[in-house]
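A quick write-up on the structure given underneath.
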Amino acid sequence: MLDPRQLQALSAVVEQRSFAAAARSLSLSVAAVSLRLKALEDALGQRLLVRGKQVRATAAGQTLLAHAKRVQLMEADLLNAIAGAAPEPQRRAHWHSLSVAVNADSVASWFLPGVAPLLLQQRLLLDVWIDDQDHTHDALHSGEVIGCVSTLAQAMRGCMAEPLGTMRYRCVATPEVAQRSRSPAGAVSVHRLLEWPAVIFNRKDALQDRFLAQHFGLHQAHYPRHFAPAIDAFEAAIDLGLGWGMVPELHLLRRAATAVPLVDLLPGASVAVALYWHHWAHEPLSAQRLTEAVKAAAAAALPKPGTATEAATGAAAPDKP
(Lines give C-alpha, C1' and ligand atoms only; values in the text may rest on other atoms or scores of the structure.)
Protein backbone atom coordinates (compact mmCIF):
# COMPACT_ATOMS: atom_id res chain seq x y z
CA MET A 1 0.00 0.00 0.00
CA LEU A 2 1.19 3.49 -0.82
CA ASP A 3 1.45 5.89 2.11
CA PRO A 4 -0.89 8.86 1.47
CA ARG A 5 1.41 11.19 3.44
CA GLN A 6 4.30 10.27 1.17
CA LEU A 7 2.16 10.86 -1.93
CA GLN A 8 1.10 14.20 -0.48
CA ALA A 9 4.75 15.15 -0.04
CA LEU A 10 5.54 14.14 -3.63
CA SER A 11 2.65 16.25 -4.97
CA ALA A 12 3.70 19.26 -2.91
CA VAL A 13 7.36 19.11 -3.95
CA VAL A 14 6.54 18.80 -7.66
CA GLU A 15 3.90 21.53 -7.57
CA GLN A 16 6.05 23.92 -5.51
CA ARG A 17 9.25 23.06 -7.40
CA SER A 18 11.25 22.93 -4.15
CA PHE A 19 11.44 21.09 -0.84
CA ALA A 20 11.40 24.31 1.19
CA ALA A 21 8.21 25.63 -0.47
CA ALA A 22 6.58 22.20 -0.17
CA ALA A 23 7.45 22.05 3.52
CA ARG A 24 5.83 25.46 4.10
CA SER A 25 2.66 24.43 2.25
CA LEU A 26 2.40 21.25 4.36
CA SER A 27 3.41 22.92 7.64
CA LEU A 28 6.29 20.47 7.98
CA SER A 29 10.04 20.77 8.26
CA VAL A 30 12.16 20.34 5.13
CA ALA A 31 13.72 17.30 6.79
CA ALA A 32 10.30 15.67 7.30
CA VAL A 33 9.35 16.18 3.65
CA SER A 34 12.71 14.83 2.52
CA LEU A 35 12.34 11.73 4.72
CA ARG A 36 8.87 11.00 3.32
CA LEU A 37 10.16 11.25 -0.23
CA LYS A 38 13.19 9.07 0.53
CA ALA A 39 10.95 6.45 2.13
CA LEU A 40 8.67 6.44 -0.91
CA GLU A 41 11.60 6.12 -3.32
CA ASP A 42 13.12 3.32 -1.21
CA ALA A 43 9.79 1.46 -1.14
CA LEU A 44 9.44 1.65 -4.92
CA GLY A 45 13.11 1.10 -5.64
CA GLN A 46 13.55 4.03 -8.02
CA ARG A 47 14.06 7.77 -8.17
CA LEU A 48 10.90 9.86 -8.31
CA LEU A 49 12.49 13.32 -8.39
CA VAL A 50 15.31 15.05 -10.19
CA ARG A 51 16.82 17.30 -7.56
CA GLY A 52 18.30 20.58 -8.69
CA LYS A 53 17.66 24.32 -8.67
CA GLN A 54 14.08 23.46 -9.60
CA VAL A 55 12.87 20.01 -8.56
CA ARG A 56 10.99 18.01 -11.19
CA ALA A 57 9.49 14.55 -11.38
CA THR A 58 11.11 11.64 -13.18
CA ALA A 59 8.98 9.54 -15.56
CA ALA A 60 8.12 7.24 -12.65
CA GLY A 61 7.35 10.27 -10.48
CA GLN A 62 5.03 11.68 -13.13
CA THR A 63 3.10 8.41 -13.29
CA LEU A 64 2.82 8.26 -9.51
CA LEU A 65 1.80 11.92 -9.31
CA ALA A 66 -1.05 11.37 -11.78
CA HIS A 67 -2.19 8.39 -9.70
CA ALA A 68 -2.06 10.46 -6.52
CA LYS A 69 -4.23 13.17 -8.08
CA ARG A 70 -6.80 10.57 -9.19
CA VAL A 71 -6.93 9.14 -5.68
CA GLN A 72 -7.35 12.60 -4.15
CA LEU A 73 -10.22 13.43 -6.50
CA MET A 74 -11.92 10.06 -5.92
CA GLU A 75 -11.70 10.59 -2.16
CA ALA A 76 -13.10 14.11 -2.49
CA ASP A 77 -15.98 12.83 -4.63
CA LEU A 78 -16.67 10.12 -2.04
CA LEU A 79 -16.70 12.61 0.85
CA ASN A 80 -19.11 14.86 -1.02
CA ALA A 81 -21.37 11.92 -1.82
CA ILE A 82 -21.44 10.97 1.87
CA ALA A 83 -22.13 14.60 2.83
CA GLY A 84 -24.95 14.75 0.29
CA ALA A 85 -26.60 11.68 1.83
CA ALA A 86 -26.61 13.21 5.33
CA PRO A 87 -29.74 14.88 6.79
CA GLU A 88 -30.21 18.43 5.50
CA PRO A 89 -28.96 20.28 8.64
CA GLN A 90 -25.75 18.19 8.63
CA ARG A 91 -24.90 18.52 4.95
CA ARG A 92 -21.62 20.24 4.25
CA ALA A 93 -19.91 19.59 0.94
CA HIS A 94 -16.11 19.71 0.93
CA TRP A 95 -14.15 22.06 -1.31
CA HIS A 96 -11.54 20.31 -3.42
CA SER A 97 -9.14 21.44 -6.10
CA LEU A 98 -8.73 20.64 -9.80
CA SER A 99 -5.49 21.66 -11.54
CA VAL A 100 -5.65 22.58 -15.24
CA ALA A 101 -3.27 24.17 -17.75
CA VAL A 102 -4.83 26.76 -20.05
CA ASN A 103 -3.48 29.40 -22.42
CA ALA A 104 -3.97 32.97 -21.23
CA ASP A 105 -6.17 34.00 -24.17
CA SER A 106 -8.68 31.26 -23.35
CA VAL A 107 -8.83 31.70 -19.57
CA ALA A 108 -10.75 34.97 -19.37
CA SER A 109 -12.49 34.92 -22.75
CA TRP A 110 -14.36 31.58 -22.59
CA PHE A 111 -12.83 29.06 -20.16
CA LEU A 112 -13.59 30.68 -16.79
CA PRO A 113 -17.04 32.04 -17.78
CA GLY A 114 -17.94 28.57 -19.06
CA VAL A 115 -16.86 26.56 -16.01
CA ALA A 116 -17.78 29.08 -13.28
CA PRO A 117 -21.33 27.72 -12.69
CA LEU A 118 -19.94 24.20 -12.16
CA LEU A 119 -17.25 25.43 -9.76
CA LEU A 120 -19.81 27.22 -7.62
CA GLN A 121 -22.38 24.43 -7.71
CA GLN A 122 -19.95 21.60 -6.94
CA ARG A 123 -17.67 23.58 -4.58
CA LEU A 124 -14.64 23.04 -6.81
CA LEU A 125 -11.45 25.04 -6.52
CA LEU A 126 -9.60 25.70 -9.77
CA ASP A 127 -5.80 25.77 -9.84
CA VAL A 128 -5.01 27.28 -13.25
CA TRP A 129 -1.54 26.94 -14.77
CA ILE A 130 -1.06 29.59 -17.44
CA ASP A 131 1.14 28.69 -20.39
CA ASP A 132 1.26 29.06 -24.15
CA GLN A 133 -1.25 26.79 -25.90
CA ASP A 134 1.65 24.94 -27.57
CA HIS A 135 3.16 24.07 -24.18
CA THR A 136 0.26 23.42 -21.77
CA HIS A 137 0.46 19.73 -22.69
CA ASP A 138 3.75 19.49 -20.78
CA ALA A 139 1.96 20.00 -17.46
CA LEU A 140 -0.45 17.12 -18.16
CA HIS A 141 2.42 14.89 -19.26
CA SER A 142 4.28 15.62 -16.02
CA GLY A 143 1.22 14.71 -13.93
CA GLU A 144 0.88 18.21 -12.49
CA VAL A 145 -2.60 18.88 -13.92
CA ILE A 146 -5.64 16.74 -14.72
CA GLY A 147 -6.47 18.46 -18.01
CA CYS A 148 -5.20 21.07 -20.42
CA VAL A 149 -6.20 23.22 -23.40
CA SER A 150 -3.61 22.49 -26.06
CA THR A 151 -2.93 22.80 -29.77
CA LEU A 152 -1.75 19.18 -29.93
CA ALA A 153 -4.26 16.83 -31.53
CA GLN A 154 -2.62 13.57 -30.46
CA ALA A 155 -3.50 12.30 -26.99
CA MET A 156 -0.79 10.78 -24.85
CA ARG A 157 -1.16 7.30 -23.40
CA GLY A 158 -4.01 7.02 -20.90
CA CYS A 159 -5.58 10.31 -22.01
CA MET A 160 -8.09 11.63 -24.52
CA ALA A 161 -7.87 14.68 -26.78
CA GLU A 162 -11.20 16.22 -27.75
CA PRO A 163 -11.50 19.06 -30.30
CA LEU A 164 -12.83 22.28 -28.79
CA GLY A 165 -12.88 24.67 -31.73
CA THR A 166 -10.66 27.38 -33.11
CA MET A 167 -9.38 30.70 -31.83
CA ARG A 168 -8.63 33.21 -34.56
CA TYR A 169 -6.12 36.02 -34.14
CA ARG A 170 -5.98 39.34 -36.00
CA CYS A 171 -2.94 41.55 -36.49
CA VAL A 172 -3.93 44.92 -35.01
CA ALA A 173 -2.42 48.25 -33.99
CA THR A 174 -3.47 51.80 -33.16
CA PRO A 175 -4.33 54.03 -36.15
CA GLU A 176 -0.99 55.84 -35.74
CA VAL A 177 1.05 52.63 -35.89
CA ALA A 178 -1.09 51.36 -38.76
CA GLN A 179 -0.41 54.53 -40.73
CA ARG A 180 3.34 54.13 -40.31
CA SER A 181 3.04 50.56 -41.61
CA ARG A 182 1.41 51.51 -44.92
CA SER A 183 3.01 52.17 -48.28
CA PRO A 184 2.26 55.43 -50.16
CA ALA A 185 -0.44 53.50 -52.02
CA GLY A 186 -2.23 52.83 -48.70
CA ALA A 187 -1.65 49.07 -48.45
CA VAL A 188 0.19 47.51 -45.53
CA SER A 189 3.92 47.22 -46.21
CA VAL A 190 5.46 44.30 -44.39
CA HIS A 191 8.87 46.00 -44.48
CA ARG A 192 7.47 49.16 -42.87
CA LEU A 193 5.55 47.00 -40.40
CA LEU A 194 8.71 45.20 -39.32
CA GLU A 195 10.47 48.50 -38.67
CA TRP A 196 7.97 48.94 -35.82
CA PRO A 197 8.09 46.68 -32.72
CA ALA A 198 5.76 43.74 -32.28
CA VAL A 199 4.07 43.34 -28.89
CA ILE A 200 4.42 39.67 -27.90
CA PHE A 201 2.91 37.87 -24.92
CA ASN A 202 6.04 35.87 -24.03
CA ARG A 203 9.02 34.14 -25.60
CA LYS A 204 6.99 31.01 -26.34
CA ASP A 205 4.47 33.00 -28.37
CA ALA A 206 4.92 32.32 -32.10
CA LEU A 207 1.67 33.78 -33.43
CA GLN A 208 3.30 36.83 -35.03
CA ASP A 209 5.83 34.59 -36.83
CA ARG A 210 3.00 32.38 -38.06
CA PHE A 211 1.16 35.48 -39.33
CA LEU A 212 4.21 36.70 -41.26
CA ALA A 213 4.87 33.25 -42.73
CA GLN A 214 1.23 32.55 -43.61
CA HIS A 215 0.32 35.90 -45.13
CA PHE A 216 3.63 37.31 -46.39
CA GLY A 217 5.75 34.24 -46.96
CA LEU A 218 8.37 35.49 -44.49
CA HIS A 219 10.15 32.91 -42.36
CA GLN A 220 12.53 33.68 -39.49
CA ALA A 221 11.94 37.41 -39.89
CA HIS A 222 13.91 39.75 -37.64
CA TYR A 223 12.14 42.68 -36.03
CA PRO A 224 12.09 44.57 -32.68
CA ARG A 225 9.89 43.07 -29.96
CA HIS A 226 8.24 44.07 -26.71
CA PHE A 227 7.38 41.23 -24.30
CA ALA A 228 4.37 41.68 -22.00
CA PRO A 229 3.46 38.35 -20.32
CA ALA A 230 0.06 39.37 -18.93
CA ILE A 231 -3.14 39.85 -20.90
CA ASP A 232 -3.91 43.31 -19.54
CA ALA A 233 -0.31 44.48 -20.00
CA PHE A 234 -0.12 42.95 -23.49
CA GLU A 235 -3.27 44.72 -24.69
CA ALA A 236 -2.32 47.94 -22.88
CA ALA A 237 1.02 47.98 -24.75
CA ILE A 238 -0.82 47.79 -28.08
CA ASP A 239 -3.34 50.46 -26.95
CA LEU A 240 -0.43 52.76 -26.01
CA GLY A 241 0.95 52.53 -29.54
CA LEU A 242 4.09 50.62 -28.57
CA GLY A 243 3.67 48.28 -31.52
CA TRP A 244 1.49 45.80 -33.40
CA GLY A 245 0.28 42.47 -32.07
CA MET A 246 -1.87 39.39 -32.57
CA VAL A 247 -5.12 39.69 -30.60
CA PRO A 248 -7.89 37.05 -30.47
CA GLU A 249 -11.10 37.96 -32.28
CA LEU A 250 -12.98 37.13 -29.07
CA HIS A 251 -11.07 39.87 -27.26
CA LEU A 252 -11.63 42.38 -30.08
CA LEU A 253 -15.37 41.69 -30.09
CA ARG A 254 -15.61 42.27 -26.34
CA ARG A 255 -13.59 45.47 -26.17
CA ALA A 256 -15.51 48.28 -24.53
CA ALA A 257 -16.79 51.07 -26.73
CA THR A 258 -14.53 53.46 -24.81
CA ALA A 259 -11.39 51.43 -25.52
CA VAL A 260 -8.65 52.71 -27.80
CA PRO A 261 -9.68 52.01 -31.41
CA LEU A 262 -7.53 49.39 -33.10
CA VAL A 263 -7.00 48.88 -36.82
CA ASP A 264 -6.93 45.46 -38.48
CA LEU A 265 -3.68 45.77 -40.43
CA LEU A 266 -4.58 43.08 -42.95
CA PRO A 267 -8.40 42.86 -43.11
CA GLY A 268 -9.68 39.37 -43.81
CA ALA A 269 -6.40 37.73 -42.81
CA SER A 270 -5.99 35.86 -39.56
CA VAL A 271 -4.12 33.05 -37.85
CA ALA A 272 -6.38 30.17 -36.81
CA VAL A 273 -5.38 28.06 -33.79
CA ALA A 274 -7.25 24.79 -33.29
CA LEU A 275 -7.62 23.87 -29.60
CA TYR A 276 -8.10 20.50 -27.91
CA TRP A 277 -9.05 19.48 -24.39
CA HIS A 278 -6.69 16.77 -23.12
CA HIS A 279 -7.82 14.81 -20.07
CA TRP A 280 -7.52 11.39 -18.44
CA ALA A 281 -9.42 8.63 -20.24
CA HIS A 282 -10.79 7.41 -16.87
CA GLU A 283 -11.72 10.43 -14.75
CA PRO A 284 -13.18 10.78 -11.27
CA LEU A 285 -16.68 12.28 -11.23
CA SER A 286 -15.61 15.87 -10.51
CA ALA A 287 -13.07 15.78 -13.37
CA GLN A 288 -15.74 14.33 -15.69
CA ARG A 289 -18.02 17.23 -14.82
CA LEU A 290 -15.23 19.71 -15.54
CA THR A 291 -14.57 18.08 -18.92
CA GLU A 292 -18.24 18.41 -19.89
CA ALA A 293 -18.28 22.05 -18.76
CA VAL A 294 -15.13 22.86 -20.76
CA LYS A 295 -16.55 21.24 -23.91
CA ALA A 296 -19.85 23.08 -23.53
CA ALA A 297 -18.09 26.41 -22.95
CA ALA A 298 -15.94 25.95 -26.05
CA ALA A 299 -18.94 24.90 -28.15
CA ALA A 300 -20.69 28.14 -27.20
CA ALA A 301 -17.72 30.44 -27.83
CA LEU A 302 -15.42 28.92 -30.44
CA PRO A 303 -16.18 28.15 -34.10
CA LYS A 304 -15.49 24.62 -35.22
CA PRO A 305 -12.78 24.09 -37.85
CA GLY A 306 -14.22 24.10 -41.35
CA THR A 307 -17.33 26.14 -40.51
CA ALA A 308 -18.26 29.28 -42.43
CA THR A 309 -16.86 31.49 -39.68
CA GLU A 310 -13.60 29.56 -39.78
CA ALA A 311 -13.08 29.59 -43.53
CA ALA A 312 -9.48 29.93 -44.58
CA THR A 313 -8.39 33.40 -45.57
CA GLY A 314 -6.28 34.22 -48.56
CA ALA A 315 -2.66 35.21 -48.07
CA ALA A 316 -1.47 38.64 -49.02
CA ALA A 317 1.39 38.94 -51.48
CA PRO A 318 4.54 40.33 -49.89
CA ASP A 319 5.38 43.85 -50.94
CA LYS A 320 8.68 44.70 -52.56
CA PRO A 321 11.43 46.51 -50.66
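Before moving on, here are some points about what is shown:
- Selection of the range 158-182 for residues being touching a residue at least 60 places away in the same chain (Cβ under 8 Å), surrounded by fewer than 16 Cβ atoms within 10 Å (Cβ to Cβ) and assigned to a helix (DSSP H, G or I) yields Pro175, Glu176.
- Residue match in the range 311-321 (condition: modelled with pLDDT under 95, surrounded by 14 or more Cβ atoms within 10 Å (Cβ to Cβ) and not in a loop (DSSP other than H, G, I, E, B)): no
- Residue list for the range 196-212, filter: at pLDDT below 95 and over 24 Å from the mean Cα position of the chain (by Cα): Trp196
- Residue check, Ser189 touching a residue at least 24 places away in the same chain (Cβ under 8 Å), of a type outside the set (Asp, Glu), surrounded by fewer than 22 Cβ atoms within 10 Å (Cβ to Cβ) and under 27 Å from Ala259 (Cα atoms): yes
- Within the range 6-28, tally of residues that are farther than 22 Å from Leu44 by Cα and in a loop (DSSP other than H, G, I, E, B): 2
- With respect to the conditions (1) touching a helix residue (DSSP H, G or I) at 6+ places or on another chain (Cβ under 7 Å); (2) free of Cβ contacts under 8 Å to residues at least 60 places away in the same chain; (3) surrounded by fewer than 22 Cβ atoms within 10 Å (Cβ to Cβ), Gly241 lacks only one, and its number is (2).
- Filtered residue count, the range 29-60, keeping only those that are among the hydrophobic types (A, V, I, L, M, F, W, C) and assigned to a loop (DSSP other than H, G, I, E, B): 2
- Whichever residue in the range 201-220 is farther than 16 Å from Asp264 by Cα and touching a helix residue (DSSP H, G or I) at 6+ places or on another chain (Cβ under 6 Å) and, among such residues, is surrounded by the fewest Cβ atoms within 10 Å (Cβ to Cβ): His219
- Residue in the range 187-195 that is within 29 Å of Ala57 (Cβ to Cβ) and of a type in the set (A, V, I, L, M, F, W, C) present: no
The values are calculated or read from the model by the stated rules, or taken from the named source; none is laboratory data. Note that the structure is a prediction, hence the values are computed from the model and not measured. So basically every Cβ, Gly included, is an ideal-geometry build from the backbone, and we count neighbours across all protein chains shown.
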